[in-house]
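Since the structure comes first, as structure tokens, the remarks are kept for the end.
Every read-out reported here was derived from the displayed coordinates using simple, explicitly stated rules and does not represent laboratory data. The structure displayed is predicted, hence computed values, not measured ones. Cβ placement follows ideal geometry from the backbone for every residue including glycine, while neighbour counts extend to all protein chains displayed.
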Amino acid sequence: MAENTPERRETRPRTADAERHPSGADVGWGITGTMLSGMAVWGGVGWLLDRWLETRVFTLVGVLLGLGVAIYLVVVKYGAVEPPPGGRLTSTTRGGQRSRPPEYRKTQKGQR
């Protein structure tokens, strides 16, 4: 019986520093699922409250609450959008102080 079973092979070793980053499609589906499930779950809770209290307002409140919570969870999980490379263009110097306007942008009263 032992001769009929295939030989067990060792798994391929993984490197310790290799982090798996999700693809763009994985992130998109994760965000879509979070948004839809948030609206469905909280909308369902609102619908149940509407049935129980014989009203018609809690379904909408539940859907909006679910959407808000889902947006919050997406921002927490995936973070904000990173700024483009090169940084943001501002009119401040490296020390954080405002730079002086060039000669052609001076006001009529002269320098500020």
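Observations on the model:
- Alpha carbon convex hull of the stretch 25-79, volume per residue in cubic angstrom: 51 Å³
- FRET efficiency estimate (nearest 0.05) - Cβ-Cβ, residue 20 to residue 64, R0 41 angstrom: 0.70
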